[in-house]
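Each remark here refers to the structure printed beneath this line.
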Amino acid sequence: MQHVQAGYPEPGELYLEPTRYFDHDTPPVRTFALDKTAGADTPVARAVALFYAIRDEIRYDPYTISDDREDYRASRVLEAGAAFCVPKANLLVACARAVGIHAGLGLSDVTNHLCTERLLRVMGGGNLFIHHGYAVLHLDGRWVKAAATFNLALCEKFDVLPTEFDGTGHALFQEFDGQGRRHMEYVRDHGVWSDFDFDRVIGDFRDLYPDTLFEDCAAERARNAAREAARFEDERPVV
């Protein structure tokens, strides 16, 4: 695994190959990638098509945070149909590689100024979200960051400006929401990886967040499955 702390890597086979987490050699991921890019005749067009498919067809759900390695595989994300930022980024990286686009995983720490009471409780009361994940794609000779995280339906309910992507510039979280309130603030860039570093990310989660994080997220998923609690997009952000 290669990690480039500052700047961007040189594109090469390392950023095209399948891995445990970017498993584009599996039929579900390969079929999804090829179906969503059908008719797209340039790498930029294919990247844009994949971005919007993953942004809107895979629900954003922070309660899917897990310490199970399998939950971070692109194929598992497709099966689940919901994920938080890192697994969604893993899926975009895998799909991009499946159609010949060099891709890596970027991680940054962000401050979320619009969180929900339920999520704040699970995260221990703080609004610093470490290791926010996004794909880093090599298009037309340059690397661009693409965070296909918040699906459109969620953005509309939270009055958050959706992240748009045209393949020529970075597509990251918006600094302000639709009412001009502070939304996301990027506070630290950790660089780009050729594969998902599960041990680092989960280890840092354990160090920063409550010991009960993974247990509480599993409990919230169970409550949602039993329809005992509103899904994340039906909660109200704390203003």
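Do we have D204 as at pLDDT 95 or above and either more than 26 Å from S66 (Cβ to Cβ) or in a loop (DSSP other than H, G, I, E, B) (or both) here?
no
One line per residue, one yes/no per condition, for (1) part of a loop (DSSP other than H, G, I, E, B); (2) modelled with pLDDT of 95 or more; (3) of a type in the set (K, R):
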{"site": "A33", "(1), (2), (3)": "no, yes, no"}
{"site": "A40", "(1), (2), (3)": "yes, yes, no"}
{"site": "R55", "(1), (2), (3)": "no, yes, yes"}
{"site": "D67", "(1), (2), (3)": "yes, yes, no"}
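Taking F165, is it surrounded by 20 or more Cβ atoms within 10 Å (Cβ to Cβ) and assigned to a loop (DSSP other than H, G, I, E, B)?
In short, yes.
Taking only the range 142-162 into account, find how many residues are assigned to a loop (DSSP other than H, G, I, E, B) and under 22 Å from V99 (Cβ atoms).
Here the count works out to 4.
Going through the range 207-239 one residue at a time, which ones are of a type in the set (D, E, K, R), more than 19 Å from the chain's Cα centre (by Cα) and assigned to a helix (DSSP H, G or I)?
Across the range 207-239, the qualifying residues are D207, E215, D216, E220, R223, D234.
Given the structure, is F150 modelled with pLDDT under 95 and under 19 Å from the mean Cα position of the chain (by Cα)?
Yes: the conditions hold for F150.
So, D204, is that one of a type in the set (D, E), in contact (Cβ under 8 Å) with a residue 12 or more places away in the chain and either touching a strand residue (DSSP E or B) at 6+ places or on another chain (Cβ under 8 Å) or crowded, with 19+ Cβ neighbours inside 10 Å (or both) or not?
So D204 passes the test.
Here's a check for you: in the range 1-42, which residue that is in contact (Cβ under 8 Å) with a residue 60 or more places away in the chain, among the aliphatic types (A, V, I, L, M) and surrounded by 15 or more Cβ atoms within 10 Å (Cβ to Cβ) is farthest from W143 (Cα to Cα)?
Only one residue fits best here, namely V29.
So which of R59, R55 is touching a residue at least 24 places away in the same chain (Cβ under 8 Å), in contact with a Gly (Cβ under 8 Å, 6 or more places away or on another chain) and under 16 Å from F150 (Cα atoms)?
Within the list R59, R55, the selection yields R59.
Filter the range 92-141 down to the residues that are in a strand (DSSP E or B), in contact with a Leu (Cβ under 8 Å, 6 or more places away or on another chain) and of a type in the set (G, A, S) and list them by number.
Listed by number, the residues that qualify are A103, G133, A135.
The values are calculated or read from the model by the stated rules, or taken from the named source; none is laboratory data. Quick caveat, the model's predicted, so the values are computed rather than measured. Cβ coordinates were reconstructed from backbone atoms using ideal geometry, including for glycine residues, and neighbour counts include every protein chain displayed.
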